């Protein structure tokens, strides 16, 4: 696993075995993206999916910012 991660330029988690907290936020984030965007539409290209994810997250953050201001 370490060799493949190094080849891909990916940094592995530094948490100890059994530590679930280090990846919980990332796993939740990517599960939401998959559930709300990636599994609902067949994307023609990776770039189109990436743009849709960026647009969705930007829109959601703008909505949260507006709600905090109220």
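Bear in mind these aren't lab numbers, they're just calculated from the coordinates by the rules spelled out. All values derive from a computational prediction rather than experimental measurement. Note that each Cβ is placed from the backbone with ideal geometry, even for glycine, and that neighbours are counted across all protein chains shown.
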*Using 0.36 nm per residue of separation minus the Cα-Cα distance, give me the extension gain between residue 39 and residue 6 in nm, one decimal.*
8.9 nm
*Shape of the chain from its Cα gyration tensor (a ≥ b ≥ c, root eigenvalues): rounded if a/c is under 1.5, otherwise prolate when a/b > b/c, or oblate?*
oblate
*Helix 21-33 vs. the chain, principal-axis angle (Cα, 0 to 90°, nearest 10)*: 40
_Using a Förster distance of 22 Å, the FRET efficiency for residue 23-residue 60 (Cβ separation, nearest 0.05)_ = 0.55
